[in-house]
Amino acid sequence: MLEAGEDVAGFAFGDFFAEPSPQVRMRQIGSAWHIGKVLFEKWWLSSPGWKREMYAALLKAGGKAYGIPVVV
(Lines give C-alpha, C1' and ligand atoms only; values in the text may rest on other atoms or scores of the structure.)
Protein backbone atom coordinates (compact mmCIF):
# COMPACT_ATOMS: atom_id res chain seq x y z
CA MET A 1 0.00 0.00 0.00
CA LEU A 2 1.15 3.49 -0.79
CA GLU A 3 -0.25 6.28 1.41
CA ALA A 4 -0.59 9.50 -0.59
CA GLY A 5 -2.13 11.70 2.14
CA GLU A 6 -5.48 13.45 2.37
CA ASP A 7 -7.39 10.13 2.70
CA VAL A 8 -5.97 8.82 -0.59
CA ALA A 9 -3.86 5.71 -1.09
CA GLY A 10 -2.70 3.43 -3.89
CA PHE A 11 -1.42 -0.08 -4.47
CA ALA A 12 2.12 -0.45 -5.78
CA PHE A 13 3.67 -3.76 -6.85
CA GLY A 14 6.68 -5.06 -8.70
CA ASP A 15 10.40 -5.60 -8.15
CA PHE A 16 11.30 -2.77 -5.77
CA PHE A 17 14.94 -3.86 -5.44
CA ALA A 18 15.83 -4.43 -9.12
CA GLU A 19 19.23 -3.18 -10.24
CA PRO A 20 19.93 -0.70 -11.80
CA SER A 21 16.34 0.61 -11.70
CA PRO A 22 13.29 -0.81 -9.90
CA GLN A 23 10.34 -2.03 -11.93
CA VAL A 24 7.32 -0.76 -10.01
CA ARG A 25 3.73 -0.52 -11.22
CA MET A 26 0.95 1.25 -9.39
CA ARG A 27 -2.81 1.09 -9.62
CA GLN A 28 -4.72 4.35 -9.71
CA ILE A 29 -4.76 6.08 -6.33
CA GLY A 30 -8.08 6.82 -4.64
CA SER A 31 -10.11 6.80 -1.49
CA ALA A 32 -11.15 3.15 -1.95
CA TRP A 33 -7.49 2.11 -1.59
CA HIS A 34 -7.26 4.21 1.56
CA ILE A 35 -10.27 2.41 3.03
CA GLY A 36 -8.67 -0.93 2.13
CA LYS A 37 -5.40 0.11 3.78
CA VAL A 38 -7.20 1.16 6.95
CA LEU A 39 -9.19 -2.11 7.02
CA PHE A 40 -5.99 -4.11 6.60
CA GLU A 41 -4.31 -2.21 9.43
CA LYS A 42 -7.32 -2.80 11.68
CA TRP A 43 -7.35 -6.50 10.77
CA TRP A 44 -3.60 -6.81 11.35
CA LEU A 45 -3.71 -5.15 14.79
CA SER A 46 -6.96 -6.67 16.09
CA SER A 47 -7.12 -9.54 18.56
CA PRO A 48 -8.64 -12.85 17.47
CA GLY A 49 -12.42 -12.65 17.66
CA TRP A 50 -15.46 -11.33 15.88
CA LYS A 51 -13.92 -7.96 14.96
CA ARG A 52 -10.95 -9.62 13.25
CA GLU A 53 -13.33 -11.89 11.32
CA MET A 54 -15.44 -8.88 10.32
CA TYR A 55 -12.39 -7.02 9.00
CA ALA A 56 -11.29 -10.14 7.09
CA ALA A 57 -14.73 -10.45 5.48
CA LEU A 58 -14.70 -6.77 4.46
CA LEU A 59 -11.19 -7.10 2.99
CA LYS A 60 -12.21 -10.18 1.00
CA ALA A 61 -15.36 -8.45 -0.30
CA GLY A 62 -13.36 -5.39 -1.37
CA GLY A 63 -10.74 -7.55 -3.04
CA LYS A 64 -13.43 -9.44 -4.94
CA ALA A 65 -15.00 -6.16 -6.08
CA TYR A 66 -11.65 -4.92 -7.42
CA GLY A 67 -10.49 -8.29 -8.80
CA ILE A 68 -7.63 -8.68 -6.34
CA PRO A 69 -7.09 -12.04 -4.64
CA VAL A 70 -7.14 -11.57 -0.85
CA VAL A 71 -5.93 -14.24 1.56
CA VAL A 72 -6.06 -13.33 5.26
* How far is helix 31-45 tilted, in degrees, relative to the longest principal axis of the Cα atoms in the chain, given as a value from 0 to 90 rounded to the nearest 10? -> 60
* To do: Identify the trypsin sites (Lys or Arg not before Pro) of the range 12-45 meeting these criteria: DSSP loop state and at most 15 other C-beta atoms within 10 Å of the C-beta.
  => ARG27
* To do: Select from GLY14, GLY62, GLY36 the residue whose mean-square fluctuation is largest in a Gaussian network model of the chain (Cα-Cα springs shorter than 10 Å).
  => GLY14
* Under a 5 Å amide H to amide H cut-off, with H placed in plane at 1.01 Å, what residues pair with PHE11 once short-range neighbours are removed? -> LEU2, ARG27
* Structure fact -> Karplus ³J(HN,Hα) for the range 11-22 (6.51 cos²θ - 1.76 cosθ + 1.60, θ = phi - 60°; Hz, whole; x = Gly/Pro) runs 10, 10, 8, x, 9, 5, 10, 5, 9, x, 9, x
* To do: May I ask for the angle, rounded to the nearest 10°, between helix 50-66 and the longest principal axis of the chain, with both axes built from Cα atoms and the value confined to 0 to 90°?
  => 40
* Efficiency by 1/(1 + (r/R0)^6): what FRET value for GLU53 and VAL24, r their Cβ-Cβ distance, R0 = 25 Å, to the nearest 0.05? -> 0.15
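Quick one: Cα convex hull volume of the chain, Å³ per residue? Don't skip to the end; give the middle numbers.
Values: hull volume 7.6 nm³, N = 72.
Normalising the Cα hull of the chain by residue number yields 105 Å³.
Please compute the per residue accessible area over the chain with all protein chains in place, 1.4 Å probe, rounded to a whole number of Å².
Working: 5560 Å² over 72 residues.
So the chain comes to 77 Å² accessible per residue, rounded to a whole number.
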* LYS60: which aspartates and glutamates have alpha carbons under 16 Å from its alpha carbon, excluding same-chain residues fewer than 8 sequence positions away? -> GLU41
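The values are calculated or read from the model by the stated rules, or taken from the named source; none is laboratory data. Since this is a predicted model, take the numbers as computed values, not measurements. Counting neighbours? That spans all protein chains shown, and the Cβs are built from the backbone with ideal geometry, glycine included. The area values use the complete protein model at the heavy-atom level, side chains included, leaving out ligands, DNA and RNA. Shrake-Rupley method; radii C 1.70, N 1.55, O 1.52, S 1.80 Å.
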